[in-house]
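The structure appears right after this line, and notes come after that.
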Amino acid sequence: MITLASDFGSPYPAAMRGVICRRTDARIEDIAHDLPRQDVRAAAFWLTQTLPYFPPAVHCVVVDPGVGTERAALVVRVGDHALVGPDNGVLLPAARALASAADAEPPVEAFTWAYDDPESSTFHGRDVFAPAAATVHGAGVDAVDGLERATPTDDYVDLRFPEPAVGADGARGEVLVVDGFGNAITNVPGDVLADRFGDSVTLNGESVPVRRAYAELDPGERLATVGSHGNVELAVNRGRGDDAFGVTVGDGVELRW
């Protein structure tokens, strides 16, 4: 199986699928092609939430604001999975999530991927990463280190999400991403709210109810909850949490109790 994820929208991913289909009969699954454009951190976050649910596969990821520059192409092997994409950090959080889910040993192995002059300096998804994914799939993930184009490396961009500060009387963090519903997802771990459902907390100086589900409040009411990702999120029942709380990606959040 080969999965595809990008910020391309349409129709660019179709060209990547065509390249892969000409090289292998692998099953192709689309993760998403509407990832926030040129937002490496957001893409990395969403990949941590999706890739661990897949069986062994080669995951081709292209969110690449540095396309056409000297940034390297990277293959990351994690157990029975491989991730292929630009060396800008987008692959590493998902690789660690896969390693954690599978208890892989070694957890992460990285390889720079040598490629020929691409047809286009603006579409490496088609010209570099799709062919690389097909080659890795054809050879087998366990054979990556024997491929001529793959060179082991420990010199790669290792993206890490910011760490929250959690204490006895509160937590400070920031908004990592905003999903399509407007839920503002923070880096604060959800377990800080474990004993507070049904109560309220002070969030950026305002009292906010803590609930397990959006519909526990009337439509239009704000709440703090724990999303499927396990982090605290700021939401509105049938509305947009980012608008209601006046926050966007990167904004700080402070919880007090």
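Of note:
- Between helix 130-139 and the chain there is an angle of about 70 degrees, using the helix long axis and the longest principal axis of the Cα atoms.
- Share of carbon and sulfur in the accessible heavy-atom surface of the chain [1.4 Å probe, %]: 45 percent
- Against the chain, whose longest principal axis comes from its Cα atoms, helix 12-23 is set at around 40 degrees.
- Each 10 Å bin, from zero up to the one with the longest distance, holds this percent of the alpha carbon pairs of the chain: 7, 29, 29, 19, 12, 3.
- Sorted peptide list for 152-159, 10-17, criterion being average Cβ within 10 angstrom, highest first: 10-17, 152-159
- Computed over all pairs of different Cα atoms, the Kirkwood value for the hydrodynamic radius of the range 4-69 is 12.6 Å.
- Summarising the amide proton neighbourhood of VAL177: residues at separation of 5 or more, or on other chains, whose placed amide H is nearer than 5 Å comprise ILE185.
- Between the alpha-carbon centres of the range 4-81 and the range 195-209 there is a gap of 38 Å.
- Placing a label point 7 Å from the Cα of SER120 along the Cα-to-Cβ direction, the residues of the range 40-62 whose backbone N falls under 15 Å of that point are 62.
- With protein chains left intact and a 1.4 Å probe, residues in the chain average 47 Å² of accessible area per residue.
- The relative contact order of the range 47-112, computed from alpha carbon pairs under 8 Å that lie at least 6 residues apart in sequence, is 36 percent.
- Residues in the range 98-115 that a label on ASP145 would reach, taking backbone N under 11 Å of a point 7 Å out along Cα→Cβ: 106, 109-110
- Computed on the Cα atoms alone, the convex hull of the range 44-174 gives a volume of 123 cubic angstrom per residue.
- Each of ASP103 and VAL157 was given a label point 7 Å from its Cα along the Cα-to-Cβ line. The distance between the two points is 3.4 nm.
- With R₀ set to 25 Å, the beta-carbon distance separating VAL166 from ALA213 gives a calculated FRET efficiency near 0.55.
- For the chain, the longest principal axis of the C-alpha atoms and the axis of helix 40-50 are separated by about 90°.
- Between CYS21 and ASN204, the simple spin-label model (points 7 angstrom out along Cα→Cβ) gives 4.6 nm.
- The packing ranking, built from the mean of other Cβ atoms within 10 Å per residue, places the peptides 231-239, 214-222, 180-188, 124-132 in the order 124-132, 231-239, 180-188, 214-222, highest first.
The values are calculated or read from the model by the stated rules, or taken from the named source; none is laboratory data. Since the structure is predicted, the reported quantities are computational estimates derived from the model, not experimental observations. Don't worry about glycine lacking a Cβ; one is built from the backbone with ideal geometry, like all the others, and counts go over all protein chains shown. Heavy atoms of the whole protein, side chains included, go into the accessibility calculation; ligands, DNA and RNA do not. Shrake-Rupley method; radii C 1.70, N 1.55, O 1.52, S 1.80 Å.
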